[in-house]
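Report on the structure given below.
The values are calculated or read from the model by the stated rules, or taken from the named source; none is laboratory data. Bear in mind the structure is a predicted one, so any value in this text is a computation, not a measurement. No Cβ is skipped: glycine too gets one built from the backbone with ideal geometry, and neighbour counts run over all protein chains shown. Heavy atoms of the whole protein, side chains included, go into the accessibility calculation; ligands, DNA and RNA do not. Shrake-Rupley method; radii C 1.70, N 1.55, O 1.52, S 1.80 Å.
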Amino acid sequence: VGSVNARKGQLRLLPLILNAPFPIELWIVGDGAELAACQALAGAHPGRTQFFGRVTHQQLAEILPKADVLVLYSRSEATPRAIMEAMAVGLPVITTNAGFCADIVADGVEGIVLGDRPDDEVLSHLERLYREPQLRERLGKAGRLRAMRDYDSITLYERYKALIVEAAG
């Protein structure tokens, strides 16, 4: 979800998904510099990808609950809103340990934080979530609870306001 570019990693993730030894479909929501390359690569493997392009917030709110898991595969991040949005609809999250991702997702509680070699790990975690729907459900429920508690708009507004006041001295 978001920009499709080298930093976000869709083009690195796509070959792994296309050659996965279990049924899986990657949905890419957004557009950007690497979208055409992703579409070209995916073209040789029909049924393994779906491209939504740029969507409105309302459309994203309709797409996310239909997914089984959110994978954030970035090399660098700040605090990705996509993770919080996925958690809010009860999706478990698999994320790289970029930026503040590991602060948003507690590894093994609301999702999975990949280690230093994400390409070597991501498929095994996706396959486990595919084969263990009860684990997917448990992680998703925990993520939803955390999103409701920590990431709703009022809570985030109050945190940002306090940080601005503190920074202003």
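Below is a table of values for the structure above.
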| quantity | calculated |
| --- | --- |
| Checking residue 67 against (1) at pLDDT below 95; (2) open to solvent by less than 70 Å² (accessible area, probe 1.4 Å), the condition it does not meet | (1) |
| Residue within the stretch 50-61 that is among the hydrophobic types (A, V, I, L, M, F, W, C) and open to solvent by less than 10 Å² (accessible area, probe 1.4 Å) present | no |
| The stretch 8-44, residues that are assigned to a loop (DSSP other than H, G, I, E, B), surrounded by 15 or more Cβ atoms within 10 Å (Cβ to Cβ) and not small (Gly, Ala, Ser) | 8, 24, 31, 34 |
| Some residue of the stretch 148-157 being surrounded by 13 or more Cβ atoms within 10 Å (Cβ to Cβ), modelled with pLDDT of 95 or more and of a type in the set (D, E, K, R) | no |
| Which listed residue, of 107, 116, is over 14 Å from the mean Cα position of the chain (by Cα) and either of a type in the set (Gly, Ala, Ser) or more than 20 Å from residue 28 (Cα to Cα) (or both) | 116 |
| Those residues of the stretch 101-122 which are over 14 Å from residue 150 (Cα atoms) and surrounded by fewer than 19 Cβ atoms within 10 Å (Cβ to Cβ), in sequence order | 102, 107, 108, 109, 115, 116, 117, 119, 120, 121 |
